[in-house]
Amino acid sequence: MSDGLSLPTESPATASAAPLVALAGLPNSGKTTLYNALTGSHYRTVNYPGSTVEYAIGRGRIGSRPARVMDSPGITSLTSQSLDEVTTVRALFGHSRHGMPDVVVVVADATQLPRHLYPAMQLIGAGHRVVIALTMVDILEQRKHMRIDTAAVEADLKCPVVRVDGRTDAGVEDLRRKISESLQTPRAVQPARPEAPTDTEISSIYRALERTQSKALQADEARTDLAKRLSICMSDPLTERLDRIFLHPVFGVVVFSTIMTAIFTSIFWVARPMMDSVDSAITLLAGAVGAVLPDAWLAHLVTDGMIMGAGAVAVFIPQIVILFLALGFLEDSGYLSRGAMIVDRPLAAVGLSGRGFVPILSGFACAIPAMLSTRTIPSARERMLTIFILPLMVCSARLPVYGLLLSFLTPADRPWIGGLGLTALYLFSVVSGLVGAAILGRFLKLDKSKKPTLLLELPAIRRPKFRVVLTSTYHRTKSYIQRAGGTILAIAIALWILTHFPPRPGLTESEQLSQSIAATMGRWIEPVMAPMGLDWRVGVALICAFAAREVFVGALALVLLVSSGGDAVEAPLFLAMRQATLPDGTPLFTFASCLGLIVFFVFALQCMSTVAVSRKETAGWRIPALQLVAFTGVAYVSAVAVVQVLRWLGIS
């Protein structure tokens with residue numbers, strides 16, 4: 001297992017001279033948000049446990065000197081359980097190429113201090129220089145009318161304590177000052193991983209908490225025992241009221257289903273006007289560039305190959321933005337942990353738990369980070385099952401394909417039909433994943449004695465910060481474009497060359513395509529495509545899609561000879577799809593063939609990067625090979641079955 005994917009950007013000499021400040025603490029305490037505030041980075045921060053699965057190293061400044069800042073996965077104690085916790089413990093005690101941290105900042109939720117100070121006690125006892133950064137103080141003060149007496153906590157724990165809010169940068173400068181002061185304090189001993197704290201050490205946590213209660217507490221409350229007062233500290237009236245609905249066995253399911261349906265429907269419906277605007281802009285750009293360039297092969301390569309080929313995928317970016325925006329609001333509000341509790345029971349029926357909900361939901365954006373997030377699952381069997389089903393989730397790469405085919409089938413005056421269709425695809429992907437997990441679970445030779453259980457901290461419900469959500473959406477979208485853009489452009493250029501070579505002067509564009517290298521390659525697989533009601537042109541696009549699913553749209557645009565001229569009313573790709581015919585003159589894209597294509601993409605594993613990450617995370621080729629063969633085989637058989645059954649019913 002790798003110690004981390006994020007590498008320090010300093011030179012070795014600078015890195016060795018700069019002190020290393022490690023952020024540690026329980027999951028969902030706000031470590032990554034604080035890391036971004038200290039380093040100016042834009043790592044994804046979410047409001048549920050398990051969002052960080054490897055440590056990251058960034059540059060920041062502590063006082064007047066540069067420093068390295070390490071973000072780490074959450075831990076409940078130094079007795080590691082899951083793979084992500086092992087990563088943190090190893091890094092905290094110098095078992096990484098970055099060395100021993102000079103200062104450890106323990107990020108602690110002020111509303112959950114008894115548990116969040118536990119790893120701080122262990123690290124202090126281990127000999128680390130520790131600074132405690134208290135987060136969620138605003139919730140404690142506004143909703144519970146309590147204040148934390150940081151001086152009392154400092155006196156009991158004998159380490160600096162600072163109140164911070166990484167989302168607004170409040171207290172961050174004070175934290176930098178405390179870290180700088182700690183760096184000047186010599187260590188008494190070399191840090192070494194300790195045993196569990198003694199009862200005497202743990203009791204000091206409660207003594208510190210006893211002194212931090214609000215002066216607003218009434219005298220009779222102040223005389224109650226410490227246990228009762230701690231329970232007051234850990235409660236949140238607003239969250240408790242909302243959780244009566246969110247976690248209700250009936251109403252909770254209704255709310256969860258309504259939220260998910262609204263999100264998936266809006267991805268198709270709300271994005272439609274923006275998609276039309278992007279499509280018009282791309283068409284105008286291609287026309288303007290084509291008017292400037294000479295009428296030669298270079299002009300066609302730039303306009304038809306690069307601009308229109310890559311632009312066919314760019315049209316669907318508004319859908320991806322809406323997906324990221326919706327997930328951002330759910331994450332920042334604290335609702336996602338409730339979603340994990342809601343789906344825990346159906347997941348348990350197939351050998352999973354609600355903890356697998358986090359990777360599954362991440363899979364709606366991309367299967368690669370979703371597979372990495374399975375490191376938070378302690379059970380090896382549950383982790384393997386989760387990794388196995390993740391490629392079935394409707395990732396952002398599938399959105400352009402579904403958007404194209406559903407838009408083609410949906411009447412222009414009834415866009416809600418496409419929205420419901422997309423919602424059905426999301427739900428079906430989850431159902432098919434559960435079925436796949438149930439089937440594999442019967443054959444997976446791992447420990448089945450321990451049933452999956454879900455122990456999950458539910459963060460307080462809070463109003464999302466619009467600026468934070470927008471920033472997260474921007475960087476997610478930017479990351480998607482950077483990750484997929486190069487692949488899409490490269491394949492668009494390569495496919496344009498294959499469809500125009502060898503050049504044959506005097507032939508029409510259609511005749512040139514039929515005698516090109518791409519046509520020769522495509523006809524090799526045409527017998528396989530015929531049962532799906534498709535021809536070699538769609539087959540070529542499907543082969544290209546194995547590099548990345550979204551490439552299918554751009555590749556299809558190229559092989560269908562989409563030009564920059566287009567149509568003033570209808571998008572060029574849609575127009576080309578409606579005009580495309582089979583050799584016998586029948587339409588190529590019918591209801592049956594389009595639905596068969598959708599079914600194919602529901603199951604097929606068309607992402608080689610996902611296969612590579614699956615091999616790494618499962619430490620072998622057994623699971624990824626099974627995924628590639630099984631999912632692609634099921635995809636083809638299901639697509640053929642759908643097309644043939646519809647034809648048998650007289651639906652072409």
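Nothing in this text is a laboratory measurement; each read-out follows from the coordinates by a stated rule. Small disclaimer: the values here were computed from a predicted structure and weren't measured. Here the Cβ is made from the backbone with ideal geometry for all residues, glycine too, and neighbour counts use every protein chain on show.
The per residue volume of the convex hull around the alpha-carbon atoms of region 486-648 is 133 Å³. Compute the Cα gyration tensor for region 320-371, then decide on rounded, prolate or oblate, letting a ≥ b ≥ c be the square roots of its eigenvalues: rounded whenever a/c is under 1.5, prolate when a/b is larger than b/c in the other cases, and oblate in all that remain. Oblate.
Packing-based ranking of 544-553, 175-184, 629-638, 325-334 yields 544-553, 325-334, 175-184, 629-638, ordered from highest to lowest mean Cβ neighbour count within 10 Å. With the highest mean first, a sort of the peptides 639-652, 419-432, 600-613 on other beta-carbon atoms found within 10 angstrom per residue produces 600-613, 419-432, 639-652. Sorted on the mean count of surrounding Cβ atoms within 10 Å across their residues, most packed first, peptides 433-440, 459-466 read 433-440, 459-466.
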